[in-house]
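The values are calculated or read from the model by the stated rules, or taken from the named source; none is laboratory data. Just so you know, these numbers come straight off a predicted model, no measurement behind them. With ideal geometry, Cβ positions are generated from the backbone for all residues, glycine too; neighbour counts draw on all protein chains shown.
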Amino acid sequence: MAEIINLRTAKKQAARAAARKSGDANAAKFGRSKTERRLNDTRNEKATRDLEAHRREGEDGEAPSGD
């Protein structure tokens, strides 16, 4: 004898599985872990600080214009 299944529940499970598959594909394509994002942000901040540290100041204490 066949097992009785609820079609509404089966449809919901199929939809969840499809959404999970789509989400996993997007995560593999575009996603970065939180650690990777933090590392990238930290590296960018350090590069900005290092660049600013090498900036020359004018007589008035501000960076000279490019003129």
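Okay, here's what the table says:
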| item | result |
| --- | --- |
| Residues being modelled with pLDDT of 90 or more and under 14 Å from the mean Cα position of the chain (by Cα) - total across segment 24-33 | 1 |
| Sole exception among (1) at pLDDT below 90; (2) surrounded by 10 or more Cβ atoms within 10 Å (Cβ to Cβ); (3) aliphatic (A, V, I, L, M) for Leu39, by number | (1) |
| Qualifying residue in segment 52-66 (condition: modelled with pLDDT under 95 and in a helix (DSSP H, G or I)) | yes |
